[in-house]
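See structure below.
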Amino acid sequence: MTLIASQETATTPRAQVQSAHARVLALLGALWLILFFASLFSPPVLDDADGTHASAARQMALSGDLVTLRINNVRYLEKAPLPYWIVAASLRVFGCNTFAVHLPQALAVLLLMLLGCRWAREAFGEPAAFYTGLGVLTSAGVFLFTRVFFPDSLLSLLLAAALYCFLKSLGGSELSFRSEASESVSVARSPVLYAYLMWTALALAVLTKGLVAIVFLFGAAAVYLALTGEARHWRRLKPFSGLLLFLVIAAPWHILAGLRNTGGIDGHGFFWFYFINEHVLRFLGRRIPRDYNKLPGYLYWTLHLVWLFPWSLFLPLFFVDATRRWRRYGLIHPDKLYFSTPWIFGAFFLVAIALTGPGRGFAAAFPLACLVAWAAWRNRRIGPWYTRNPQPLADLTPVQKSSLLLAIFSFLVLAFFSLSTNQEYYTFPAYLPMLMLVAAALGRAEAAYSGFDPLARSSRRWITFAHASFTVIGLLIAAALSYGLWIARHIATLPNVGDLLAHRGVGDYTLSMSSLFDLTGPSFAALRLPAGLAMAAFAAGPAIAWMLRARRRHLAATTAIALTSAVFLIAAHIAFVRFAPMLSSQNFAQRIQQLEASGAISRDNTLLLFGDQAYGSSIPFYLNRPLDRPALLVDGRSSSMLFGSTFPDAQALFLTPAELVSQWGSGKRKILFVPLERRADVDRLLGPRQILLEETAGKALITDRPLDK
């Protein structure tokens, strides 16, 4: 495949440019099929968030109630509805299965990649578009956080679309993003259309994950408009009619949900729980129930090197490139202090607070602010700060405007969640903007790589740094995997890796990636195939990429990096499937269905889940029983069931441990799922009165009487 270099675009026939772009999209589409579509069939829906969200979508599909989310007939008012509407429609079309649950997320990644390619192509040229697509498809975080039914991939798509339309709507009747060296693709569509598309995307984003979408879009837009002076074009954004369109799309569900869900705990209903508890108190770390962690600051920031790996290795190149470009523009020269003092104060405070927290952030920012004030006083010959240009970036090119908006949005998302309670995947919306900026910097560095000027030397230096780091990391990973395979060489491979894992308070983990801590030496024997595949990829891939780079085959070198990551992600998926017996309880649902089909147990049985429903949330999903046969929850008034359990219509579903003991062995046959974390409690309550039906990875399925035959 041949890409048309950005310098040649102006003289290349349009048909040839379109043909090159079509080949890029074909390659990226094939990569998406391999990495995302092929993985839709396994592993099964997992317990915890995956099964919980899938059960909510299943109940919506069965009940037809598009307003009130419910899990096991209990109100689930924490989440916005759009992801569940989409998955419910998928379940109606494809049936109650793994493919139907995870297909919308895979499609969201595909659309996110296509949008990133389009934006990068128009703003930065064809190579940047290709690299953006590769980055989206082969970044570790994008792959990892779409294995579970989370709304963040859809939120990322909608916010990126809103940002793109925001920038296009400000461009006048004909907006053409252009690279600095050449013409790019000219797009002649009415900015009015883009303005209304922006409001539509924002409304859908609010219906995906709540008010945080407004914070991110309006926050980034406000800073961008203030810096560039484009606030004078505010009418192009259609604020009045656009706001009306936004309300028409977003408001009805919120109003109906509030009217239909009243009378919860302490008289609170949907409005308090959704807007106050799930937005304000969650941000402050005081949400009820308090079942969320907050990553330490150093870990929060450094983990993004993992989530964006291997493209995070080019972040130093991006920062050097950005500094050089802004210096050339004149923003850093002391005689051209375009940034007024308030802007610098604000930037220092935001950075310090984001890195160190509110308390220490103000203390850290104060001396920096003093230094800035001193520099401004020394430079007073250009006038006091209030007489300087209030829009320090008023003369940016279209390329720089894209870069600025992407950078502002990325920093806003990262800073926001550095202050809030967070999970690792919350910053997903920042991935595409960051990957686009890195792809653009890499494309420019490759174009300047072969020269002899300072720019060329800098490009070679930082690209070499990225390849050297990739090679060292690859060799270390390959060595670690080799060691694991060596120590497990005499251990027989067992089909159920979950039974080999060391369980160390798994129930106490609240971060989404905590299960990785339970992989031990003996369990490595069950992962020989994915470990060997990953070892081979990291042992050879980085070296091949570096060799191609040394030969000035830039496209091939960058593609080799992406393919190395792709092979690793395939290996990770295989390992994920091997972990399925521990992470999912689908096999328990299959066991119940087998016993019912054989007549060993009657179909008129009652399913009970001991503890939080999240422990076995995949069982009700795969059993797919009618809504009038919900599972009973024993000691399950916790987590996502807590608020919903306070409504009168949910009381009959919750049993105390004492009620379980009194009803055990009487009435209809009872089948009890017991997670590993509660086995000791159940043994103490029921003792020898339990009959084991299935046991996997420490989890058990028991019944209260012998099988019928």
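Projecting each Cα onto the charge dipole of the stretch 543-696 (Lys/Arg +1, Asp/Glu -1 at the beta carbon, about the Cα centre), which of 548, 613, 602 comes out farthest on the positive side?
548
Under 1.5 on a/c is rounded, so check that first for the stretch 586-703, then, if it is not, pick prolate when a/b is larger than b/c and oblate when it is not; a ≥ b ≥ c are the square roots of the alpha carbon gyration tensor eigenvalues.
rounded
Taking the beta-carbon count within 10 Å as an exposure proxy, list 461, 551 from fewest neighbours to most.
Least crowded to most crowded, the residues run 551, 461.
Add +1 for every Lys or Arg and -1 for every Asp or Glu among the other residues with Cβ under 12 Å from the Cβ of residue 617, and state the total.
-3
Taking loop as defined by DSSP and a crowding limit of 13 other beta carbons within 10 Å, which trypsin sites (Lys or Arg not before Pro) in the stretch 87-128 fit?
Sites meeting the loop and neighbour criteria: none at all.
On a C-alpha basis, how far is the centre of the stretch 628-652 from the centre of the stretch 242-274 in Å? Whole number, if you could?
The stretch 628-652 and the stretch 242-274 have Cα centres spaced 22 Å from each other.
Taking the Cα centre of the stretch 586-703 as origin, sum charge times position over the Cβ atoms of Lys and Arg (+1) and Asp and Glu (-1), and report the length of that vector in debye to the nearest 20.
Numbers: 13 positive and 12 negative charges, 45 e Å.
Dipole of the stretch 586-703, to the nearest 20 debye: 220 debye.
Using 19 Å as the Cα-Cα cut-off, could you pick out the over-long pairs in 670/699; 668/709; 168/238; 168/209; 670/709?
168/209
Pick out, from 641, 652, 685, the residue whose Cα sits farthest towards the positive end of the charge dipole of the stretch 586-703, with +1 on the Cβ of Lys and Arg and -1 on the Cβ of Asp and Glu.
685
In the stretch 402-473, what chymotrypsin sites (Phe, Trp or Tyr not before Pro) fall in a loop by DSSP, with at most 15 other Cβ atoms inside 10 Å?
Here the sparse-neighbourhood loop sites are 452.
Where does the charge balance sit around residue 198 when Lys and Arg score +1, Asp and Glu -1, over other residues with C-beta under 11 Å from its C-beta? Please list the in-between numbers first.
On the way: positive: 168, 236, 238; negative: none.
Neighbour charge sum, excluding residue 198 itself: +3.
Output the antiparallel fraction of DSSP beta bridges having both residues in the stretch 586-703, as a percent to the nearest 5.
Roughly 50 percent of the DSSP beta bridges within the stretch 586-703 come out antiparallel.
Can you give me the long-range amide H partners of residue 71? Hydrogens built in the peptide plane at 1.01 Å from N, cutoff under 5 Å, separation of 5 or more residues or another chain.
Under 5 Å from the amide H of residue 71 lie the amide H atoms of 76, each far enough along the sequence or on another chain.
Compute the separation of the alpha-carbon centres of the stretch 113-173 and the stretch 552-571 and state it in Å as a whole number.
20 Å
Count neighbours as other Cβ atoms within 10 Å of each site's Cβ, and list the trypsin sites (Lys or Arg not before Pro) in the stretch 588-652 that are DSSP loop with at most 14 such neighbours. Intermediate values should be presented prior to the final figure.
Details: sites: 591, 603, 637; in loops: 603, 637.
Taking the stretch 588-652 and a limit of 14 other Cβ atoms within 10 Å, the loop trypsin sites (Lys or Arg not before Pro) found are 603.
Read-outs: derived from the displayed coordinates by stated rules, not from any lab. Keep in mind it's a predicted model, so treat the numbers as computed, not measured. All Cβ positions, even for glycine, are placed from backbone atoms using ideal geometry, and neighbour counts span all protein chains on display.
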